[in-house]
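Undergrad: Dumping the structure here so I can ask a few things about it.
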Amino acid sequence: MTARIGNIELATGVRVTHFWTYMYASLICIGMISNMNFSQPYILLQHLGIADEFTGRITGQLTLITEVMNLLLIWPFGILADRIGRRPVIMLGIGMIGLSYALYPWATEVNELMAIRVIFGIGVAAAAAMTATIQNDYPAESSRGRVIGFSSAFNALGIVFATWMVSRLPVWLQDAGMEPVAAGRYAYGAAALVCFVSMLIFRFGLKGGVPEQTRQRPRWWDLTRTGIEQMRNPRILLAYLYAMPARGALVVFGLFTSLWASTAVRAAGGEVAVAQYQVWLPSTVGTVSAVCWSFVFGWILDRISRVAGVVLSTAMSMVAYGLMYFVETPLDLRMLPLFALVGASMAGGMMSSMALVGQEAPPAKRGAVIGLLSLFGSAGIMLAATYGGALFSAATPWAPYLLIAGAQAVLFVFAVIVWIVAPGDWKPGSAAAMGRH
């Protein structure tokens, strides 16, 4: 007998409490990961006093360190989870993220931030690998799209919560008479506390052990080889490749929108804390749009070919990020509809790649396959952060967004080719759609 939540059917052995704890994990993990990029301009500009002309390059370098750790660890974490279970790995991840928040505002130079970013990168690798893997463990195949929609919605709500907390606290504390550096330390300390409490929630709320399909504990090399061998499936190859611009789009929006606003406000003689406070609105509009679209797109993904879902999401992202060329400042309220489109396109990108690879990957080795998917995503973040940061400092603030638009255009062409040549046998109402393949 399988558990159900409304019209969502859960996999065998997954309880309702496991599901809702995972939704909390989706909220906290992605929120805290994203907020580090959103709030980082405050540390660079207010704590360390970095000159505006260097902020883009330094931001890209710090993000690069995190993603190098992702490239090294996210796939091994996926394999490890297939052997020891998801719960201990995700607890490690959120704990390391919390430790990095506790240390970050005490850094006195960029090199110290880089060292702390190594700790953060370890946490991100573990947490990101597990949220993606559990997302595909818990639903029955017939409900996969809806569960991914729920999870993506909680991801977006987590970003709203985390950025709201860390962007508001410095302003409130400074208004109460606290000096800017101390205000930043209290804000980051609050974020660290949330992470540490979440470790306990994960311990008692998530499903323990390894999935039923992995009880035989396959060899590490078999799991590693599985991720590579699956690239012969053009649909999994598409999901792997699309993870690069999809994840890159997230980091460009999270990194450079906040940095764009902060440098613009400071150039006009304003306070960085005020800029962080003001940019929360367009960021939240994008996030709320992502929440709404997550539910709609989850419903769509369960009714169309999931390759077609990738085609749709690449087209949306190509248009949304291309239109950022016309934005003069992210604080212009007239641009809020565009930020809503950007938010929806980000949600669609993450959901479509996860739904496609979740459908195609062997259940017993899904952790390894999704670990490789995340590795491709990390590569996309590295490229977006490195080249986007250089473009931000050397060219214009909207240049990183056009970089993403170009990458999405390339993947759109490839997705259309796969849709025509190798769409797979998934159809609404088919055996695969109903979880009988």
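Undergrad: Just check segment 39-131 against the gyration tensor rule for me: Cα atoms, a ≥ b ≥ c as the square roots of the eigenvalues, rounded for a/c under 1.5, and otherwise prolate or oblate depending on whether a/b exceeds b/c.
TA: Working: a/c = 3.41, a/b = 2.22, b/c = 1.54.
The shape class here is prolate.
Undergrad: What ranking of Leu402, Leu259 emerges when the number of other C-beta atoms within 10 Å of each C-beta is taken as an exposure proxy, fewest first?
TA: Values: Leu402 19, Leu259 29.
Arranged by neighbour count, lowest to highest, Leu402, Leu259 become Leu402, Leu259.
Undergrad: Sum -39500 (n - 2.57) across every DSSP H segment of at least 4 residues in the chain, then divide by the residue count to get the 222 nm mean residue ellipticity, nearest 500. Let's see the in-between values first.
TA: Numbers: 13 runs with 332 residues, N = 437.
After summing the helix terms and dividing by residue count, I get -27000 deg cm²/dmol.
Undergrad: Which of Gly177, Gly31, Gly123 moves most in a GNM of the chain, Cα contacts under 10 Å?
TA: Gly177
Undergrad: Please arrange Ser34, Ser353, Ser258 by how many other C-beta atoms lie within 10 Å of their C-beta, fewest to most.
TA: Values: Ser34 24, Ser353 30, Ser258 27.
Ordered from fewest to most neighbouring Cβ atoms within 10 Å, Ser34, Ser353, Ser258 come out as Ser34, Ser258, Ser353.
Undergrad: May I ask for the angle, rounded to the nearest 10°, between helix 336-360 and the longest principal axis of the chain, with both axes built from Cα atoms and the value confined to 0 to 90°?
TA: It is inclined by approximately 30 degrees.
Undergrad: Could I ask something else about it? Using the alpha carbons of the chain, what is the convex hull volume per residue in cubic angstrom, as a whole number?
TA: Details: hull volume 52.9 nm³, N = 437.
Hull volume normalised by residue count: 121 Å³.
Undergrad: Related question: Return the long-range amide H neighbours of Ile5 (sequence gap of 5 or more, or a different chain), with a cut-off of under 5 Å between placed amide H atoms.
TA: Leu10
Undergrad: Along the Cα→Cβ direction, 7 angstrom out, place labels at Leu48 and Asn111. What is the inter-label distance in nm?
TA: Those two pseudo-labels are separated by 1.2 nm.
Undergrad: Could you put Ile90, Ile236, Ile84 in order, starting from the residue whose Cβ has the fewest other Cβ atoms within 10 Å?
TA: Values: Ile90 28, Ile236 21, Ile84 12.
Least to most surrounded, the residues fall as Ile84, Ile236, Ile90.
Undergrad: To the nearest 10 degrees, how steep is helix 272-301 against the longest Cα principal axis of the chain, on a 0 to 90 scale?
TA: 10
Undergrad: Let me ask another. On a 0 to 90 degree scale, rounded to 10, what angle separates helix 180-205 from the longest Cα axis of the chain?
TA: That helix lies at roughly 20 degrees to the long axis.
Undergrad: What length, rounded to one decimal in nm, is gained on full extension from Arg225 through to Phe326, with 0.36 nm per residue of separation minus their alpha-carbon distance? If you can, show how the numbers build up before the last one.
TA: On the way: separation 101, 0.36 × 101 = 36.36 nm, distance 4.53 nm.
Gain on extension, Arg225 to Phe326, equals 31.8 nm.
Undergrad: Would you mind getting me the FRET efficiency between Arg303 and Asp175? Use the beta-carbon distance for r and R0 = 41 Å, nearest 0.05. It would help to have the intermediate numbers written out before the result.
TA: On the way: r = 50 Å, r/R0 = 1.21.
Calculated transfer efficiency: 0.25.
Undergrad: Want the number for Arg203 to Asn7: 0.36 nm per residue separation, take away the alpha-carbon distance, what's left? Present the calculation step by step, with values, prior to reporting the outcome.
TA: Values: separation 196, 0.36 × 196 = 70.56 nm, distance 2.73 nm.
Net length gain for the segment: 67.8 nm.
Undergrad: Note down the Stokes-Einstein diffusion coefficient of segment 65-197 in µm²/s, whole number, using a Kirkwood radius over alpha carbon pairs, 25 °C, and 0.890 mPa s.
TA: The calculation lands on 151 µm²/s.
Values in this text are rule-based calculations from the coordinates and carry no lab data. As the structure is a prediction and not an experimental result, all values here were calculated from the model. Every residue, glycine as well, gets a Cβ built from its backbone with ideal geometry; the counts of neighbours run over all protein chains shown.
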